[in-house]
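**Q** Starting off with a structure, shown below.
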Amino acid sequence: MKRFATLYGIRPLPFFEHLNEYRAMAITTRQTATLALAHALSAAERGLPVIPLSATKLPALRSPHRGNPDPALCRGECGLPGHGVHDATTDPAGVRALFAAAPWATGYGIACGRPPHHLIGIDLDIKTSIDSIAELRHLALRHLFTIPETVTVLTPSGGRHLWLTGPPDTVVPNSASRLAPGIDVRGTGGYLVGPGSVTAHGAYRLAPGTAHLPPAPCPRALLSLITPPAHPRSHPGPAHGDGHGLVQFVLAAQEGQRNTRLFWAACRAYENGLGDTLAAALTAAAVGAGLTEREARATIASAARLTSGRGVH
Ligand SMILES: [Zn+2]
């Protein structure tokens, strides 16, 4: 009798306790996934293209081409999901389909640089030795711009993301600590972890009082700081010509500039009709500067996609 009493719930056996824990975990995971989808749909409704993210903040869907020697060359043309930020969509049915394929998603990413907002993320990282918020204020004072009131997302580590909008015809490259220590820029080809996302380190939340704001236009002075110069003569960058200068520009890149420089050079090459001619030389230069061939190919492929997609949206 005593044994039955225990079995039927008066004092659950450890086995049942564990079972309940597992059930609770499964429910929590399902709720997190449902919430992530709900947040993603509401962002999509505001015109922000989204993809599901896993708890590691990486795209939740893996490439259907993994194991293939040239996986970076497909940006979704195969029709399958799993192309990172290239999957991002504002279509509610498309968003639902992506999340249905990734039931383990706990958050969502918002693709930057895409119409209609052409979102630019200013990622203010918090590290013990760096106060990136103060760095941004110094930058604003030095370059005479005002940091506008705009949508601000608080990150689990105490950092913040400022959402700004860019002009449609401007390519803003992604960069890390190039503007100032601890300040990263999320531009074309990059994404921001959306508010309401849950990661292994905690939740991303809208800063109080910023949810109702539209993303503010990026101040012109800040935009010119984060945009690679478009006129080679007015800066010490490369001349285009036959593309030799572009290759040299990539070859001379220091650590931390390689990807930005390669992306910039590849965009200029494609814009000038030299993309296919120069792709191999740019890849070799990037590898010479320290990128892996895979990274180089992926960056060049992004540039090709970006420049060919111009005006199509
Ligand atoms: Zn593909």
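The values are calculated or read from the model by the stated rules, or taken from the named source; none is laboratory data. Please read all numbers here as calculations on a predicted model, not as lab measurements. Here Cβ is always computed from backbone atoms with ideal geometry, including for glycine, and neighbour counts include all displayed protein chains.
**Q** Return the pair list, or none, for Cβ contacts closer than 6 Å from residues in the stretch 135-146 that are in the same structural domain as residue 181 (by TED's automatic domain parsing) and among the aromatic types (Phe, Trp, Tyr) to residues that are assigned to a loop (DSSP other than H, G, I, E, B) and surrounded by 15 or more Cβ atoms within 10 Å (Cβ to Cβ), at least 6 apart or on different chains.
**A** 145/219
**Q** If you scan the stretch 52-63, which residues turn out to be surrounded by fewer than 21 Cβ atoms within 10 Å (Cβ to Cβ) and either away from the ligand (no atom under 11 Å from the Cβ) or over 24 Å from residue 295 (Cα atoms) (or both)? Steps first, please.
**A** Filtering the stretch 52-63 down to residues surrounded by fewer than 21 Cβ atoms within 10 Å (Cβ to Cβ) leaves 54-58, 62-63.
Across the stretch 52-63, the qualifying residues are 54, 55, 56, 57, 58, 62.
**Q** Now for a separate question. Which residues, taken from the stretch 88-116, are in a helix (DSSP H, G or I) and of a type outside the set (D, E, K, R)? If you could, list the steps in order and put the result at the bottom.
**A** So the first thing to find is which residues in the stretch 88-116 are in a helix (DSSP H, G or I), and the list is 92-101.
The answer is 92, 93, 94, 95, 97, 98, 99, 100, 101.
**Q** Here's another thing I want to ask about it. Go through the stretch 64-87 and give me each residue that's of a type outside the set (D, E, K, R), surrounded by fewer than 17 Cβ atoms within 10 Å (Cβ to Cβ) and not in a helix (DSSP H, G or I).
**A** Within the stretch 64-87, the first condition is being of a type outside the set (D, E, K, R), and the residues that meet it are 64-65, 67-69, 71-74, 76, 78-86.
Among the residues that remain, those that are also surrounded by fewer than 17 Cβ atoms within 10 Å (Cβ to Cβ) are: 64-65, 67-69, 73, 76, 78-80.
Passing the criteria: 64, 65, 67, 68, 69, 76, 78, 79, 80.
**Q** Something else: Starting from residues that are surrounded by fewer than 18 Cβ atoms within 10 Å (Cβ to Cβ) and free of Cβ contacts under 8 Å to residues at least 60 places away in the same chain, keep the ones in the stretch 181-205 and report whichever is nearest to residue 267 (Cα to Cα).
**A** Of everything passing the filter in the stretch 181-205, 181 is nearest to residue 267 (Cα to Cα).
**Q** Considering the stretch 88-121 alone, what residues qualify as being surrounded by 23 or more Cβ atoms within 10 Å (Cβ to Cβ) and within 15 Å of the ligand (Cβ to nearest atom)?
**A** The answer is 88, 98.
**Q** Show me the strands (runs of 3 or more DSSP E) entirely contained within the stretch 142-238 in which 1 or more residues are modelled with pLDDT of 90 or more. Break it down stepwise before answering.
**A** Working: elements: 152-154, 160-165, 175-180, 183-186, 191-193.
Filter on the stretch 142-238 gives 152-154, 160-165, 183-186, 191-193.
**Q** Shifting gears a bit: Does residue 159 qualify as being more than 16 Å from the ligand (Cβ to nearest atom), in contact (Cβ under 8 Å) with a residue 60 or more places away in the chain and within 20 Å of residue 195 (Cβ to Cβ)? Walk me through how you get there before you give the answer.
**A** On the way: more than 16 Å from the ligand (Cβ to nearest atom): yes; in contact (Cβ under 8 Å) with a residue 60 or more places away in the chain: no; within 20 Å of residue 195 (Cβ to Cβ): yes.
So residue 159 fails the test.
**Q** Only residues that are exposed (fewer than 15 other Cβ atoms within 10 Å of the Cβ) and of a type in the set (A, V, I, L, M): list them for the stretch 122-132, please. If you could, list the steps in order and put the result at the bottom.
**A** Within the stretch 122-132, the subset exposed (fewer than 15 other Cβ atoms within 10 Å of the Cβ) is 126-129.
Once the filter is applied, which keeps residues that are exposed (fewer than 15 other Cβ atoms within 10 Å of the Cβ) and of a type in the set (A, V, I, L, M), the stretch 122-132 yields only 126.
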